[in-house]
Amino acid sequence: MSKIYMDHGATTKPDPEVVRAMLPYYEEYFGNASSLHSIGQEAAVALNRSRQQVADLVGAQPEEIIFTSGGTESDNLALKGIASLKKNSGKHIITSVIEHPAVLNTCKYLQDNGFKITYVPVDDQGLVNPVDVEDAITEDTILISIMHANNEIGTIQPIEEIGTLAHERGVLMHTDAVQSVGKIPVNVDDLSVDMLSISAHKIHGPKGVGALYVRKGTRLESLVQGGGHEMGKRAGTENIPGIVGLAKAAELAAQRLDDDASKMCSLRDSAIKKALESIPESYLNGHPTRRLPNNVHLRFSYVEGESLLMMLDMKGVAVSTGSACSSKSLEPSHVLAALGIPPEQIHGSLRITLGRENTMDEVDYVVESLVEIVEKLRAMSPITPKH
Amino acid sequence: MYSKKVMEHFSNPRNVGEIEDADGVGEVGNPVCGDMMTIYIKVDDGKLTDVKFKTFGCGAAIATSSMITELAKGKTIEEALEISRDDVADSLDGLPPIKMHCSNLAADGLHAAIEDYQNKNKSK
Ligand SMILES: Cc1ncc(COP(=O)(O)O)c(C=O)c1O
């Protein structure tokens, strides 16, 4: 049975072109980019070229790109790096209740270390109201960090508006764009952000590598002390193969953005429409239009998500769920809870995240499988109403 | 993460459904927490002649429900009361540690059904 992978929000398959671009930097050009000899300089050339490619994807200058070990580190660097530099001018940070744990738990850490964090709410479709952000700004506010697109429900935030008002008030703006980069146009000037997080493995690049865009003139403190790598903002010998992979993935994403987005939007809309039509008491989570092109997030009454996921897996389909039963913490999704969805319905939620290789036939197969599985689980469920 | 036995019971659960004229019904768990099950028993001459279940929950919840019906069927009330959560998990070749507490409710469900049966009979 061939597998259908529809969990691209979790990770993506490295593009063969990405792997091909990386291999020489393991097999041949193994040099240290800091070395002055020609073997080292080959690595330095690759590093500079990669910086340019990643900068191009988000409309930045190469010297504004800092390579990191991934989205999590980029988020940590943005928040802690600003917090430790600015702690004498202010100790207040604004974020949202639906951030990725990489931001949320960094905020909790900062809170434990004397910072004050405001978590702005979202509406029932997952949107932050810029007015709430504006109202939360005080004299003490040093940073606003609101994600561009949510990793669970795919809701796209009005970052332009929030970034603009942050700058009017002299506050720095960070956005976690790990899920939006490569799926919708992302430009640091249009978004009016000072910092932006990127992760390679969400855009068909390798795992364990990412970048933080830091606007020219924005100072932040490094989290790791060492040699002066990455303009003094991130010490450690650069992961050249990984960085080359990220850069190739960025280049491909930029080239394919329009085609990928329009293809995925049609698959997405078809999946949502067919599922909602053919399964009674099924609902869409998140925003109907301000939504990532590849995100389908549904919930089904009376069934539990891990069971759904496992039955789909037995049919060769890989997806994910917000159910507590599948999470390490046994906590239901904080994102779905923030939308006001009751816990028993959160357990019945399913996230399908499409990729550029998925087809309409696969979407149809997945919806047909879902119809069958939901019916089977409902017949087994003691909370399904009797007719 | 699940054993073969768990997967086997999950994909092919035994004794799913309700017993219309059950002698005892046990309901445990809560959909808010993600797991809820109802166990139905039929008792004849001190023996469990039929056991069925309905479950809302994860793979472990469904597999343990299915397993308890197999373990309990044909047993006497006394024997059935002896079946523990650990027995259910062991019969399934183990459960992931994180599932031992929340999803391993089937033994409790069976005991609740027996208690219900005993309460009904006391009042007769
Ligand atoms: C929105 C968001 N931020 C951050 C991360 C973390 O990125 P990484 O896995 O590269 O550390 C993820 C990925 O799970 C994500 O979806």
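The values are calculated or read from the model by the stated rules, or taken from the named source; none is laboratory data. All values derive from a computational prediction rather than experimental measurement. Here Cβ is always computed from backbone atoms with ideal geometry, including for glycine, and neighbour counts include all displayed protein chains. Remember, those area values only see protein heavy atoms, side chains included, never the ligands or the DNA or RNA. Shrake-Rupley method; radii C 1.70, N 1.55, O 1.52, S 1.80 Å.
Being out of contact with any helix residue (DSSP H, G or I) (no Cβ under 7 Å at 6 or more places or on another chain), open to solvent by less than 70 Å² (accessible area, probe 1.4 Å) and either not in a strand (DSSP E or B) or not polar (S, T, N, Q) (or both) is true for just one of B:Ile68, B:Ile62, B:Ile41, B:Ile19. Which residue is that?
Within the list B:Ile68, B:Ile62, B:Ile41, B:Ile19, the selection yields B:Ile19.
How many of the residues in region A:64-107 are small (Gly, Ala, Ser), more than 15 Å from the ligand (Cβ to nearest atom) and farther than 19 Å from A:Arg215 by Cα?
Result for region A:64-107: 2.
Restricting attention to region A:9-31, and to residues there that are surrounded by fewer than 14 Cβ atoms within 10 Å (Cβ to Cβ) and more than 29 Å from the chain's Cα centre (by Cα), which single residue is nearest to the ligand (Cβ to nearest atom)?
A:Glu27
Count, please, the residues in region B:44-59 that happen to be open to solvent by less than 20 Å² (accessible area, probe 1.4 Å) and part of a strand (DSSP E or B).
Here the count works out to 5.
Would you be able to tell me the number of residues in region B:39-58 that are more than 11 Å from chain A (Cβ to nearest Cβ), under 13 Å from the mean Cα position of the chain (by Cα) and of a type in the set (Ser, Thr, Tyr)?
The total comes to 0.
Being on the phi > 0 side of the Ramachandran plot, open to solvent by 20 Å² or more (accessible area, probe 1.4 Å) and assigned to a helix (DSSP H, G or I) is the filter here, so list the residues in region A:222-252 that pass it.
A:Met231, A:Gly232
Scan region A:222-240 residue by residue and report those that are within 16 Å of the ligand (Cβ to nearest atom) and under 23 Å from the mean Cα position of the chain (by Cα).
Within region A:222-240, A:Leu223, A:Arg234, A:Asn239 qualify.
Looking at (1) in contact (Cβ under 8 Å) with a residue 40 or more places away in the chain; (2) assigned to a helix (DSSP H, G or I); (3) open to solvent by less than 20 Å² (accessible area, probe 1.4 Å), which is the one condition that is false for B:Asn104?
For B:Asn104, the exception is condition (2).
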